[in-house]
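Student: Quick one: structure below, then a few questions.
Here, each number is a calculation from the coordinates, and none is a lab measurement. These figures come from a predicted structure and were not determined experimentally. A quick note on method: Cβ atoms are made from the backbone with ideal geometry, for glycine too, and the neighbour counts reach across all protein chains shown.
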Amino acid sequence: MDRPNHNVRMSLQTLRVLDAFVENPNDELSGADVLKRCGIASGTLYPILLRLESAGWFKSRWEAIDPAKAGRPRRRLYRLTPTGLKYASSELASLSFRRGLPV
Amino acid sequence: MNPGWAQGPIAWIVHRAALSAPDTICQRLEEEWLADLSALDGAALQLRFALGCCRAALAIRCERFATTLPKTARNIVADLRSARPRAGFRLPFSRRRERIREDAYTWLERLRRGLREEEGPKLQAWLRPRAHRICITRAAAQRIGPEDLAVLHELFHVDPAWVMPRQGRSPTISVAAGLMAACMTSLALMYTHHSMPGLLLSPAIEGSFMEAQGTGYSSGRRTLRSLGLPDGTRVVMNRGTRISVLYAEGTRSVMLVRGEATFTVPPQAHKVFHFWVGNQHFSTMASAFNVRLTGDSIQLTVLDGTVEVPPMSHTRAGGNFAVPRDGAERPPAPRLLKALQLLDEGPGMQAARTLTQSEAQARIAWQRG
């Protein structure tokens, strides 16, 4: 993986995505989960996920299930890396995003 | 890729979207998106998701392309992008909004460097309109300058809803969709009205419309009048009778405003003959009938052919087919009146009976003077 990059272009949508992950940093979320939690469009979400993944804030893996047994396709799961968690928390804290803008 | 989980046109859109993504992640995205698609409920949500994937693929492709460029080339691209002329056609309110946004950015820059003495009152004046306050708050939020937002909050009350993503459709899209729906509905109504006259408008509306728009013919108080209509219909009007005639392309309509008249309607291909008596509507393809309007009572005698009587819903308000004034129940009138049948209709009642030939002739005896 590339070295984590702090200079990620931030937007309100990016912060909302980060917020969904920071709430439970150990959770692994699929794109559909994030869509449901944040309510942002898929056209915005996936570029953000890929951008954060290439910046080293997220890491992703395929869900370890047998699709035939589970009766559904395997999903791509994302989770925050420790560095990502640090940066995300700092961004969110500086913006006080979770309590509603502004402080 | 495991096919078969999501299929149909929506999955096809996702598949096509993934093909637009960079080759290195194309397969991964397709599988990931199809899996996420199957986790969503509802066709509308899935379609929205699929269309979003098209946008996502393009955005990812653009981002990947930009990052693979050398730094100098990236600068050139950025310069070109910023120097690119914007679309020429702009609505007036759009230009105004853009000007407000530019002003907002200018004020944010000034706030960052610190306001000069003379700029304070100007900023206060600029912030007076609510639209300006919303715009500068959004600009500050987009730039992710918490210090900007904190400063703004000192200047005025910042509503958190201003910077939250808007739920649902934008008002512009809603208005445009509403207008489009109204236009399409109007077109459909116009088409239906022209192809099937009388189906959309209630007889009462058509009746009053006919009275106002049709050509009127009256007989004298003491004289009968006979006339021929463009389609060959013969009308004999009793004394003191008035009819209104409206013939247009695809329709032939007559209204008996008052009095009594006998109509002999010849057949005409695909053209129904509509006639209104007061507010009541009848129709026939070809027939001979006598109709009399006395106050609120209608007496329709079919001499030849058939006449269609409107269904219950087309009767006047409060109309009850089977219950006459005296309360005694009678069988409801048939939908189709045949030759030598008489329809007697008044407020709150409608009944039909069969006449003998001599009774029928007696009903048009007035034609002989």
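Student: Determine, for A:78, A:87, B:191, B:247, the number of other Cβ atoms within 10 Å of each Cβ, and report the residues in order from fewest to most. Don't skip to the answer; put the middle values down first.
Tutor: On the way: A:78 26, A:87 21, B:191 10, B:247 16.
The order, fewest Cβ neighbours first, is B:191, B:247, A:87, A:78.
Student: Compute the signed sum of charges (Lys and Arg +1, Asp and Glu -1) over the other residues within less than 10 Å, Cβ to Cβ, of residue B:35. Provide the component values of the computation, followed by the final result.
Tutor: On the way: positive: A:72, A:74, A:75, A:76; negative: A:63, B:30, B:31, B:32, B:36.
In short, -1.
Student: What is the sum of charges around residue A:76, taking Lys and Arg as +1, Asp and Glu as -1, for the other residues whose C-beta is under 14 Å from the C-beta of residue A:76?
Tutor: Details: positive: A:59, A:61, A:72, A:74, A:75, A:79, B:28; negative: A:28, A:33, A:53, A:63, B:30, B:31, B:32, B:36.
It works out to a net charge of -1.
Student: Right, here's the next one. Can you give the local net charge around residue B:366? Use residues other than it whose beta-carbon is closer than 10 angstrom to its beta-carbon, Lys and Arg +1, Asp and Glu -1.
Tutor: Details: positive: B:239, B:292, B:363, B:368; negative: B:260.
That sum, taken over residues with Cβ under 10 Å, equals +3.
Student: Would you grab the residues whose amide H sits under 5 Å from the one on residue B:339? Only those 5+ places off in sequence or on another chain, please, with H modelled 1.01 Å from N.
Tutor: For residue B:339, the qualifying residues are B:305.
Student: Summarise the partner chain shielding of B:27-39 as one whole number: the mean count of Cβ atoms from other chains within 10 Å of each residue's Cβ. Write out the running numbers ahead of the final one.
Tutor: Values: counts 0, 4, 4, 0, 5, 13, 5, 2, 11, 12, 4, 4, 9.
Mean shielding by partner chains, rounded to a whole number: 6.
Student: If you don't mind, there's one more thing I want to ask. Shielding of A:43-53 by partners, i.e. mean partner chain Cβ atoms within 10 Å per residue? All intermediate terms of the calculation are to be shown ahead of the outcome.
Tutor: Values: counts 12, 5, 5, 13, 10, 2, 3, 10, 4, 0, 0.
Whole-number average of other-chain Cβ neighbours for A:43-53 is 6.
Student: Going by how many other Cβ atoms sit within 10 Å of their own, how do B:270, B:15 line up, fewest first? Please report the intermediate quantities before stating the final value.
Tutor: On the way: B:270 6, B:15 17.
Fewest-to-most Cβ neighbours within 10 Å comes out as B:270, B:15.
Student: Tell me, what is the FRET efficiency for residue A:83 and residue B:190 to the nearest 0.05, using R0 = 56 angstrom and their Cβ-Cβ distance as r?
Tutor: Values: r = 65 Å, r/R0 = 1.15.
Computed FRET efficiency for residue A:83 and residue B:190: 0.30.
Student: Sort A:69, B:271 so the one with the fewest other Cβ atoms within 10 Å of its own Cβ comes first. Before the final figure, lay out each step's value.
Tutor: On the way: A:69 7, B:271 15.
Fewest-to-most ranking of A:69, B:271: A:69, B:271.
Student: What does the highest-first list of B:293-300, B:176-183, B:45-52 look like by mean Cβ count within 10 Å?
Tutor: Details: B:293-300: 16.0, B:176-183: 10.4, B:45-52: 19.5.
Packing order, densest peptide first, comes out as B:45-52, B:293-300, B:176-183.
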